[in-house]
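Student: There's a structure below that I have some questions on.
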């Protein structure tokens, strides 16, 4: 039969009172930053055999990679959001003007 066990609430991670799962680009930025930092840090260690320097290089590349990916992702997110708002407004106007004289005038101008 069916399980009547209650569902566990979604466990989220909060920073400064905000659920990071709801922040666009947060997850991908940190995943790419962490993997890039580890990769560059390991390569720096293999190239120099100096763990202290490799740690600094790895952390620096983590930080820079996270910030750069965050900025690029948020820019693309903002562009998509702006385009969606423009499309939503155009669809609203189209529905409002459908079958009216204004629609015919707009069709003549666009042709």
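Just so it is clear, none of the values below were taken in a lab; they were calculated from the coordinates. Predicted model only: the values in this text are computed from it and were never measured. Glycine also receives a Cβ, built like all others from the backbone with ideal geometry; neighbour counts cover every protein chain displayed.
Student: Considering only the range 12-33, state which residues are surrounded by 14 or more Cβ atoms within 10 Å (Cβ to Cβ) and either touching a strand residue (DSSP E or B) at 6+ places or on another chain (Cβ under 6 Å) or part of a helix (DSSP H, G or I) (or both).
Tutor: Across the range 12-33, the qualifying residues are 26, 29, 30, 32, 33.
Student: Okay, next question. Is at least one residue of the range 71-82 assigned to a helix (DSSP H, G or I), touching a helix residue (DSSP H, G or I) at 6+ places or on another chain (Cβ under 8 Å) and surrounded by 12 or more Cβ atoms within 10 Å (Cβ to Cβ)?
Tutor: yes
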